[in-house]
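Computed from the coordinates by the stated procedures, all read-outs in this text should not be read as laboratory data. What you are looking at is a predicted structure, and each value in this text was computed from that prediction instead of being measured. Using ideal geometry, Cβ is built from the backbone for each residue, glycine included, and neighbour counts are taken over all protein chains shown.
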Amino acid sequence: MANFIKNYQIDNLDQAILTELINDARIPYSEIAKRNRVSPATIHVRVEKMRSAGIIAGTRLQINAKQLGYDVCCFIGITLRHAGDYPTAIEKLEKLEEVIEAYYTTGQYNVFIKIMTPSINDLQHVLINRIQSIEEIQSTETLISLQQPINRDIQP
């Protein structure tokens, strides 16, 4: 477990750094420094402090799933047979490469997952043969996404 700096408060410079990195994680520290009229060393120190505080958790490459042939995005609400089935069900769902996100939720469903497949036929196969066959799952409800008009990160 990481040893985080507790109660780190971000200031305007930290917010500016985070905004720049959200827009382009590959931007050189020297460019961020120039835009904010500080030294590159200051940017480096601030980024490292925010990493130590757990504010910056890593960097990721963003992939266009549609360009890779994944045309179907859907969300599946899952009702478990028993509350105690959660750990086992999650372990089984994690093994399915089509499951790209999972949430433990309140309300109608115990678990809410996001999956991506190349086609509706592939979705049907995954749903019937791989998800609904998990014995800890009592029922599912599938919502197919038609488009994603908003996709953004939290702003600092």
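Please report, largest first and rounded to whole Å, the three semi-axes of the ellipsoid equivalent to segment 65-145, where each semi-axis is the square root of five times an eigenvalue of the C-alpha gyration tensor. Working shown, then result.
Values: eigenvalues 94, 29, 24 Å².
So the three semi-axes of segment 65-145 are 22, 12, 11 Å.
Name the residue farthest towards the positive end of the dipole of the chain from the options Asn36, Tyr86, Gln132, assuming +1 on Cβ of Lys and Arg, -1 on Cβ of Asp and Glu, about the Cα centre.
So the residue we want is Asn36.
Between Asp24 and Asp71, how high is the FRET efficiency from 1/(1 + (r/R0)^6) when r is the Cβ-Cβ distance and R₀ = 30 Å? Nearest 0.05.
For R0 = 30 Å, the calculated efficiency reads 0.65.
How long are the three semi-axes of the equivalent ellipsoid of segment 108-156, in whole Å, if each is the root of 5 times an eigenvalue of the C-alpha gyration tensor, listed from largest down? Present the calculation step by step, with values, prior to reporting the outcome.
Details: eigenvalues 123, 53, 16 Å².
The equivalent ellipsoid of segment 108-156 has semi-axes of 25, 16, 9 Å.
Can you list the aspartates and glutamates whose alpha carbon is less than 12 Å from that of Lys92, not counting same-chain residues fewer than 8 positions off?
Cross-link targets: Glu135, Glu136.
Taking R0 as 22 Å, what FRET efficiency do you get between His82 and Tyr103 from their Cβ-Cβ distance, rounded to the nearest 0.05?
Details: r = 19 Å, r/R0 = 0.85.
In this case the efficiency is close to 0.70.
Cut-off under 25 Å on the C-alpha distance; same-chain residues fewer than 8 positions from Lys49 excluded. Which lysines are left, in chain and number order?
Lys6, Lys34
Provide, as a two-decimal number, the C-alpha radius of gyration of the chain over 2.2 N^0.38 Å, N being how many residues it has. Each step should come with its number before you reach the end.
Numbers: Rg = 20.4 Å, N = 156, 2.2 N^0.38 = 15.0 Å.
So the chain has a normalised radius of gyration of 1.36.
Between Ile5 and Gln148, what length comes free when the chain is fully extended (0.36 nm per residue of separation minus the Cα-Cα distance, one decimal in nm)? Don't jump to the answer; show the numbers that get you there.
Working: separation 143, 0.36 × 143 = 51.48 nm, distance 3.56 nm.
Here the answer is 47.9 nm.
Quick check: the distance between the Cα centres of segment 16-49 and segment 59-110, to the nearest angstrom?
Result: 34 Å between the Cα centres.
Could you list Leu123, Leu13 in order of exposure, starting from the residue whose Cβ has the fewest other Cβ atoms within 10 Å? If you can, show how the numbers build up before the last one.
Working: Leu123 21, Leu13 15.
Arranged by neighbour count, lowest to highest, Leu123, Leu13 become Leu13, Leu123.
Please report, in debye to the nearest 20, how large the charge dipole of segment 12-52 is about its Cα centre when each Lys and Arg carries +1 at its beta carbon and each Asp and Glu carries -1 there. Show your work: numbers first, answer last.
Details: 7 positive and 5 negative charges, 19 e Å.
The calculation lands at about 100 debye.
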